[in-house]
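Q: Below: one structure in structure tokens.
The values are calculated or read from the model by the stated rules, or taken from the named source; none is laboratory data. For clarity, every value in this text was computed on a predicted model and none was experimentally measured. Cβ placement follows ideal geometry from the backbone for every residue including glycine, while neighbour counts extend to all protein chains displayed.
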């Protein structure tokens, strides 16, 4: 039997959940809206769900930069294009046409980054945006 608790964890924070490592769902209208697995993985919504977030969002950061809405510490895939940081174009790994490496050490006479112009491992890369 799974016991669901509602109360306080300490004197300054509320608590809702289980004391066992079992899944926990938040449901409305017989539809799971948020699902937390026993291992801590979280799933929000389904393909038909609209999720709206307000404020700054950070992924792998403790304190999101208040100048941006989304602060990500690491590579991202945006519109199915990989965006990375580095000091040169990749020398290994598989990449697709349109993937970008942003120069983490820009300087006069150096490119802003590199773009993959042909799929491959590592693909064909061309520099872009010379810093003047």
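Q: Which of the residues belonging to segment 50-68 are surrounded by 10 or more Cβ atoms within 10 Å (Cβ to Cβ), touching a strand residue (DSSP E or B) at 6+ places or on another chain (Cβ under 7 Å) and assigned to a loop (DSSP other than H, G, I, E, B)? Break it down stepwise before answering.
A: As a first pass, look at segment 50-68 and keep what is surrounded by 10 or more Cβ atoms within 10 Å (Cβ to Cβ): 56-59, 61, 64-65, 68.
Cutting the leftovers down to touching a strand residue (DSSP E or B) at 6+ places or on another chain (Cβ under 7 Å) gives us 56-59, 61, 64-65.
Scanning segment 50-68 gives 56, 61, 64, 65.
Q: Tally up the residues in segment 69-98 that are in a loop (DSSP other than H, G, I, E, B) and out of contact with any strand residue (DSSP E or B) (no Cβ under 9 Å at 6 or more places or on another chain), please. Outline the logic, then answer.
A: Taking segment 69-98 as the starting set, the residues that turn out to be in a loop (DSSP other than H, G, I, E, B) are 69, 73-75, 79-80, 87-94, 96-98.
This time we only want the ones that are out of contact with any strand residue (DSSP E or B) (no Cβ under 9 Å at 6 or more places or on another chain), so: 79-80, 91-93.
The total comes to 5.
Q: Considering segment 95-110 alone, what residues qualify as being surrounded by fewer than 19 Cβ atoms within 10 Å (Cβ to Cβ) and over 15 Å from residue 77 (Cβ atoms)?
A: The answer is 104, 105, 106, 107, 108, 109, 110.
Q: Quick one: would you say residue 52 is outside the structural domain of residue 113 (by TED's automatic domain parsing), more than 28 Å from residue 96 (Cα to Cα), within 18 Å of the chain's Cα centre (by Cα) and free of Cβ contacts under 8 Å to residues at least 24 places away in the same chain? I'd like the intermediate steps shown before the answer.
A: On the way: outside the structural domain of residue 113 (by TED's automatic domain parsing): yes; more than 28 Å from residue 96 (Cα to Cα): yes; within 18 Å of the chain's Cα centre (by Cα): yes; free of Cβ contacts under 8 Å to residues at least 24 places away in the same chain: yes.
Taking the combined requirement at face value, the residue satisfies it.
Q: Also: Taking the residues in segment 15-28 that are at pLDDT 90 or above and either farther than 21 Å from residue 43 by Cα or assigned to a loop (DSSP other than H, G, I, E, B) (or both) as candidates, determine which candidate is nearest to the chain's Cα centre (by Cα).
A: So, considering only residues that are at pLDDT 90 or above and either farther than 21 Å from residue 43 by Cα or assigned to a loop (DSSP other than H, G, I, E, B) (or both), the one nearest to the chain's Cα centre (by Cα) is 23.
Q: Which condition number in (1) closer than 30 Å to residue 17 by Cα; (2) surrounded by 15 or more Cβ atoms within 10 Å (Cβ to Cβ) is the one that residue 44 fails?
A: (2)
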